[in-house]
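Colleague: First the structure, then my questions, so here it is.
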Amino acid sequence: MYGLPWSLIITLVSGAALTGAACGLLGTFVVRLRLSSLGFTMSHAAFAGAALGLALGIEPLTLALVGAILTAAVLGPIAERAKLPADVITGVLFPLTMALGLIFLYLAPGTAMSSSALGLLWGSLFAMTREDLFRLLGLAGTIALTVWLFFKEFQALLFDRKLAEESGVPTRPFYYLILFLTGMTIALALRLVGGLLVFVLLQSPAATAFQFFYDLKKIFFWAALFGVIYAGAGLGLSFAFDLPLGSAIVLISTLGFGLAVWRSPKRRRT
Amino acid sequence: MADSIIELKNVSTVYEGERVPAIRDIDLTIESGEFVAIIGPNGAGKTTLLETINGLLPHTRGQVRVLGQDVARFGTQLRSQIGYVPQEFQFDETTPVLVRDVVLMGRYGRIGLFRRPTAEDYAQVQEALELLGLAELAERPLGKLSGGQQQKVLLARALAKEPKILLLDEPFSHLDCAAREEVAELITRWHRERSLTVLLVLHDLEAIPQSCHRVVLLNGGRIRHDGARERVVRAFTLAHRE
């Protein structure tokens, strides 16, 4: 690809595929449990954390992780117990996390809109390092193993939380496990997709899979696969037209989801 | 003398954000193998009582013991032995689950963490599906079924659990007359053959199965009458006439 060394191409393609697979798997929970507003806020908190890292000269990824997981730890119980409508959570906290992120970028040494700052916002092809790749590999493996180990419990939770409790499945620890993994995924996907757009990968691949299947095993599998396809195709589009990677992934994901809604057998009458 | 399988002592349950208890000062003892109907007008606290017994709603006062254990401490483990069919359910057309999976999920608490369903689990699921006449719908998406069929699926789910106690909240509400009789007969047979303890919430007095000899009348969150079927039904009818 345009004279890039093979090692870099392999890192980029693998990073995109792993990010897509991890987001696709977790997106199944985000879509079904209607955690969109929570994930949206978490992705911007991760962005604010990374921006703070830039301002303080600390590794942005570390503070992105702190931001996303802290948001999950605070918002999870609020969303669960106070039963706040999703738009209230988003309406109050999205501007706050966005404002904090922009203030931290403004305070970052050098130009506020330096390439690393822009990378946090829009995602960057070249921000991905081999270390990031190994972290993503560990994360995707952990998510896949968790889903495999606790498939029954997750299936019950995704069907109906009250009925899951009724059948003797303790749903709360699994709910918090999902939030924790979502926070981790958002933070690790930040470099590639960017803080403003990372959330699309948590939503579109799973939402696409839900258009085609009723069997949860198939939905998990296809959500991960659609995640890989969207991230990979976004990477290709980004290379081909020199677009920001996050934006290219959003364009592909939206197109894919639109096609899925159009062709969905769940909407066919015959 | 039979053992007490459910014991409520001075129990009150208040919903989150409410000040008035939905049920209050409830003293109720159910013996193993009893078939009890709970009746009362809308808002009497019938559903609250069932969900206090299985611990889905935490009680705010008193003590609830089921199968000899404190529900507040052992609710999750106890619920794997209690079948429950809720009154309210709504599954939209896109609900990503097949009928067979819904019935199997009833056994997940019994199966436990880190274990997969075995051949015996699948056999129980098949038996429950056949008992309710759902075998042909096993691979259909739940959301595509009618309300009555969905109610039968939830009943099959409760039976597949092989419960020691069955809590049924208006289990005939979505069924037509023929299906209602079939299901009532099935519940009666399970109660008789498996010594199952059954608590059945109903608002339609005509629907109380013949084998149910004890009736509890709830009103305003309190137990107003508890005793032989004819006596309690007469009291309820008189109270409604006045």
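The values are calculated or read from the model by the stated rules, or taken from the named source; none is laboratory data. Bear in mind the structure is a predicted one, so any value in this text is a computation, not a measurement. Heads up, the Cβs are rebuilt from the backbone with ideal geometry, glycines too, and the neighbour counts pull from every protein chain shown. These area figures cover heavy atoms from the full protein model, side chains too; ligands, DNA and RNA do not enter into them. Shrake-Rupley method; radii C 1.70, N 1.55, O 1.52, S 1.80 Å.
Colleague: So which of B:93, B:162, B:181 is more than 13 Å from every other protein chain (Cβ to nearest Cβ) and not β-branched (Val, Ile, Thr)?
Modeller: Step by step, each of B:93, B:162, B:181 is checked, and only B:181 is more than 13 Å from every other protein chain (Cβ to nearest Cβ) and not β-branched (Val, Ile, Thr).
Colleague: Something else now. Filter the stretch A:185-223 for residues that are at pLDDT below 90 and more than 18 Å from residue A:138 (Cα to Cα) and give the result.
Modeller: Those that are at pLDDT below 90 and more than 18 Å from residue A:138 (Cα to Cα): A:193, A:194, A:195, A:196, A:197, A:198, A:199, A:200.
Colleague: Separate question: Of the numbered conditions (1) in a loop (DSSP other than H, G, I, E, B); (2) open to solvent by 30 Å² or more (accessible area, probe 1.4 Å), residue A:191 satisfies every one except a single condition; which is it?
Modeller: (1)
Colleague: Go through B:49, B:78 for me and flag whichever is open to solvent by less than 10 Å² (accessible area, probe 1.4 Å), touching a Leu at 6+ places or on another chain (Cβ under 7 Å) and either modelled with pLDDT under 95 or within 13 Å of chain A (Cβ to nearest Cβ) (or both).
Modeller: B:78
Colleague: In the stretch A:252-269, which residues are in contact with a helix residue (DSSP H, G or I) (Cβ under 7 Å, 6 or more places away or on another chain) and either within 14 Å of chain B (Cβ to nearest Cβ) or not in a helix (DSSP H, G or I) (or both)?
Modeller: Selection gives A:260 alone.
Colleague: Six or more apart or on different chains, Cβ atoms under 7 Å: show the pairs whose first residue is in the stretch A:138-150 and under 11 Å from residue A:177 (Cβ atoms) and whose second is open to solvent by less than 50 Å² (accessible area, probe 1.4 Å) and small (Gly, Ala, Ser).
Modeller: Sorted first by the residue in the stretch A:138-150, then by its partner, the pairs are A:143/A:22.
Colleague: Further question: Please identify the pairs in which a residue from the stretch A:253-270 that is more than 23 Å from residue A:237 (Cα to Cα) has its Cβ atom under 8 Å from the Cβ atom of a residue that is modelled with pLDDT of 90 or more and open to solvent by 100 Å² or more (accessible area, probe 1.4 Å), counting only partners at least 6 apart or on another chain.
Modeller: Once the first residue is more than 23 Å from residue A:237 (Cα to Cα) and sits in the stretch A:253-270, no partner that is modelled with pLDDT of 90 or more and open to solvent by 100 Å² or more (accessible area, probe 1.4 Å) comes close enough.
Colleague: Provide a single number: the residues in the stretch B:128-154 that are open to solvent by less than 50 Å² (accessible area, probe 1.4 Å) and within 25 Å of residue A:267 (Cβ to Cβ).
Modeller: Here the count works out to 10.
Colleague: Please work out which residue is modelled with the lowest pLDDT, limiting yourself to the stretch A:147-184 and to residues that are more than 27 Å from residue B:143 (Cβ to Cβ) and within 14 Å of chain B (Cβ to nearest Cβ).
Modeller: Residue satisfying both the conditions and the ranking: A:173.
Colleague: Taking the residues in the stretch A:94-141 that are open to solvent by 40 Å² or more (accessible area, probe 1.4 Å) and assigned to a loop (DSSP other than H, G, I, E, B) as candidates, determine which candidate is modelled with the highest pLDDT.
Modeller: Checked the stretch A:94-141; the qualifying residue modelled with the highest pLDDT is A:129.
Colleague: Please determine whether any residue of the stretch A:205-213 is in contact (Cβ under 8 Å) with a residue 40 or more places away in the chain, surrounded by 14 or more Cβ atoms within 10 Å (Cβ to Cβ), polar (S, T, N, Q) and touching a Gly at 6+ places or on another chain (Cβ under 8 Å).
Modeller: Yes, some residue in the stretch A:205-213 is in contact (Cβ under 8 Å) with a residue 40 or more places away in the chain, surrounded by 14 or more Cβ atoms within 10 Å (Cβ to Cβ), polar (S, T, N, Q) and touching a Gly at 6+ places or on another chain (Cβ under 8 Å).
Colleague: Keeping to the stretch A:152-188, report how many residues are open to solvent by 30 Å² or more (accessible area, probe 1.4 Å) and either assigned to a helix (DSSP H, G or I) or over 15 Å from residue A:80 (Cα atoms) (or both).
Modeller: Adding up the residues that qualify gives 9.
Colleague: Here's something else I'd like to know. Give me the strands (runs of 3 or more DSSP E) completely within the stretch B:155-242, filtered to those with at least 1 residues that are surrounded by fewer than 19 Cβ atoms within 10 Å (Cβ to Cβ) and without any contact (Cβ under 8 Å) to a residue 40 or more places away in the chain, ordered by residue number.
Modeller: The strands (runs of 3 or more DSSP E) meeting that bar are B:222-228.
Colleague: Moving on. Which condition number does residue B:71 fail, the rest of (1) surrounded by fewer than 21 Cβ atoms within 10 Å (Cβ to Cβ); (2) among the β-branched types (Val, Ile, Thr); (3) within 14 Å of chain A (Cβ to nearest Cβ) being met?
Modeller: Looking at each condition in turn, residue B:71 falls short on (1).
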